[in-house]
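Report on the structure given below.
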Amino acid sequence: MIQLKSLTFGYTNNYNVINDITLDLYSGKIYGLLGKNGVGKTTLMKLMCGLLFPKSGSIELNGNNPALRKPSSLNNLFYLPEEIHLPAKNPRQLIDLYAPFYPNFNEIQFFNFLTELDVDHHKNLKKLSFGQKKKALIAFALACNTQYIFLDEPTNGLDIPSKISFRSIISRAYDENKVFVISTHQVRDLDSLIDTVLIMNENKVIFNETIERIGEVLKFRSGSVAPENALFSHNDVMGISYLMKNENNIQEKINIETLFNGVIAKPEQIIPLFKK
Amino acid sequence: MNDIFSFNRVLKLIKIHLIENWKMYAASVGILAIIVFLLPSMGGNPEKYLTYIIRETYPVIMIGVLCLFTGNIFGTWTKESKAIFYINIPATAFEKFLSKLVLIILYFPVFTFSFFLLVYIIGNIFMKTPFNVSRMMDLGFIKAFEGTGSIRFLYITFLLQPLYLLGALYFKKYQVVFSSVALIGIFILLFFLPHSFLSYHPYRTSLNIWPDSITASYMKSGAQQSLNIGFKTWLVALNTLIYVLASLALYVAAFFKLKEKEI
């Protein structure tokens with residue numbers, strides 16, 4: 001479990017990128033951390049991984065402070081940044097060097113993930129394209145089988161088939177002891193993958209709800225015209241997509257993009273619906 | 001899991017570094033070979049050039065290479081993507097720091113051996129008479145380490161190295177500029193200024209202050225003379241202690257700078 005208590009952080013003294021966030025993230029869940037560019041998603045992830053230290057407040061991963069960077073904490077988390085580094089080695093050499101640090105590393109799983117993501121098993125990783133490198137590191141991250149996996153914009157640079165494979169391998173790597181936090185501003189990429197949506201805006205997490213709960217409270221439709229009682233509407237490839245209050249409480253399929261745009265544009269109308 | 005210290009993890013980190021950076025080590029020996037080869041091939045008396053290489057160039061190259069090497073070896077902490085990858089390796093900050101220091105210390109004898117091996121090989125290419133080890137000693141490579149010379153050399157190296165390390169960490173964006181300025185500075189302070197004083201000073205004298213003595217060099221009848229004024233034992237001990245403590249403090253400062261590094 002990850003616990004954030006009154007977490008505040010700023011790169012300078014007079015501006016806080018993260019402002020007083022209190023949040024609990026539970027095992028067995030895949031969290032989608034959504035937000036516009038520059039809203040603090042990467043900063044929040046870096047704080048949870050101990051790469052940045054809070055200005056005030058606290059972070060605990062199973063009761064441990066990640067900022068202490070203890071080996072027993074580090075071998076239980078993996079952070080995949082947006083800009084990645086890989087040594088000039090092939091996948092076999094990569095695991096020979098780095099896998100011994102991760103006690104739950106699964107070699108078979110690693111090579112299966114590489115195959116599924118269409119990454120050459122024998123090529124020097126440094127010579128691969130950005131997307132290929134990213135896929136290799138995603139495969140490594142998941143094969144480490146750490147309890148906490150933080151993926152920062154993992155689908156950036158991935159082609160469409162790879163995005164589909166990405167969703168597939170995440171589902172297979174998932175188990176009830178793990179916490180996945182996946183940040184993105186390309187909200188469609190997380191469709192049918194995440195089970196809890198976290199939306200950041202104005203330096204805070206303003207929305208934290210499960211997919212089931214969202215489907216109970218809101219209903220998502222598209223058409224040529226939005227009805228008057230729509231809480232929010234926007235133009236997309238389907239015409240006009242809108243969201244409304246779900247009066248009958250029957251589980252609805254959600255549209256993450258419409259939800260995200262709605263929560264950002266009209267938080268005062270949408271967020272209170274979840275507090276009832 | 002041991003969160004304090006694991007020798008096994010240090011060995012794994014050293015293995016990672018050596019396997020990932022062997023090309024850098026090979027390149028440093030290659031550059032060294034070019035320098036050692038170029039000087040005696042410029043014409044004139046190759047024996048004179050080789051003497052110059054051994055006596056004068058070796059300490060400068062050694063200090064320069066160690067400093068550059070220090071900056072490079074700790075460079076993994078300065079580039080964001082590399083730093084994230086490296087900091088997230090499950091080992092303590094001390095183990096990561098120690099593994100790098102061990103490599104620097106190991107590099108010292110490897111580099112020295114490579115240097116003299118190259119001088120030996122290239123000496124035999126340029127000189128008509130066989131250039132064996134005893135002739136190399138006659139040329140004075142042992143003199144570079146004779147008496148208190150080696151201790152002075154170590155003082156300079158182990159004081160400059162952590163200074164350079166700290167500099168590389170604080171001026172990470174300008175590391176190339178900083179490296180160049182530092183190397184030029186070392187050259188000016190240790191070699192250019194003393195030689196300039198000998199050539200252009202009204203009394204044609206230069207002073208070098210060491211922890212154990214002051215050496216005054218001056219020109220007399222066209223030849224360089226030296227006057228060495230040794231300090232009292234207690235003063236030598238005190239100076240040495242100050243040097244050692246200053247070096248240690250700089251290493252500790254560098255360690256904490258790295259340990260608390262935020263990415």
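The figures follow:
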| quantity | calculated |
| --- | --- |
| Per-region count, the range A:74-95, residues of a type outside the set (D, E, K, R) and in contact (Cβ under 8 Å) with a residue 60 or more places away in the chain | 7 |
| A:K126 closer than 12 Å to A:L80 by Cα and among the basic types (K, R) | no |
| Pick from the range A:70-85, criterion surrounded by 22 or more Cβ atoms within 10 Å (Cβ to Cβ) and part of a loop (DSSP other than H, G, I, E, B), ranking: nearest to the other protein chains (Cβ to nearest Cβ) | A:P81 |
| Among the residues listed as A:N177, A:N208, A:N203, the single one being touching a residue at least 24 places away in the same chain (Cβ under 8 Å) and within 14 Å of the chain's Cα centre (by Cα) | A:N208 |
| Members of the range B:217-243 that are among the aliphatic types (A, V, I, L, M), surrounded by 14 or more Cβ atoms within 10 Å (Cβ to Cβ) and in a strand (DSSP E or B) | B:M219 |
| Count - residues of the range B:206-236 that are out of contact with any strand residue (DSSP E or B) (no Cβ under 9 Å at 6 or more places or on another chain) and either under 19 Å from B:S196 (Cβ atoms) or without any contact (Cβ under 8 Å) to a residue 24 or more places away in the chain (or both) | 8 |
| All positions within the range A:225-264 that are loosely packed, with under 14 Cβ neighbours inside 10 Å and of a type in the set (A, V, I, L, M, F, W, C) | A:V225, A:V237, A:M238, A:I250 |
| Boolean, A:E212 is surrounded by fewer than 15 Cβ atoms within 10 Å (Cβ to Cβ) and closer than 22 Å to A:L47 by Cβ | no |
| Complete set of residues in the range A:58-69 that are in contact (Cβ under 8 Å) with a residue 24 or more places away in the chain and either at the interface with another protein chain (Cβ under 8 Å from one of its Cβ atoms) or surrounded by fewer than 17 Cβ atoms within 10 Å (Cβ to Cβ) (or both) | A:S58, A:E60, A:N62 |
| Filter result for the condition that a residue is more than 14 Å from chain B (Cβ to nearest Cβ), surrounded by 15 or more Cβ atoms within 10 Å (Cβ to Cβ), in contact (Cβ under 8 Å) with a residue 12 or more places away in the chain and at negative phi, over A:L51, A:L47, A:L33 | A:L33 |
| Filter result for A:I170 (among the β-branched types (V, I, T) and assigned to a helix (DSSP H, G or I)) | yes |
| Qualifying residue in the range A:13-28 (condition: surrounded by 17 or more Cβ atoms within 10 Å (Cβ to Cβ), in contact with a helix residue (DSSP H, G or I) (Cβ under 9 Å, 6 or more places away or on another chain) and within 13 Å of another protein chain (Cβ to nearest Cβ)) | yes |
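Where a number appears in this text, it was derived from the coordinates with a stated rule and is not lab data. Since we're looking at a predicted model, the values are computed, not measured. Note that we place each Cβ from the backbone using ideal geometry, even for glycine, and neighbour counts take in every protein chain shown.
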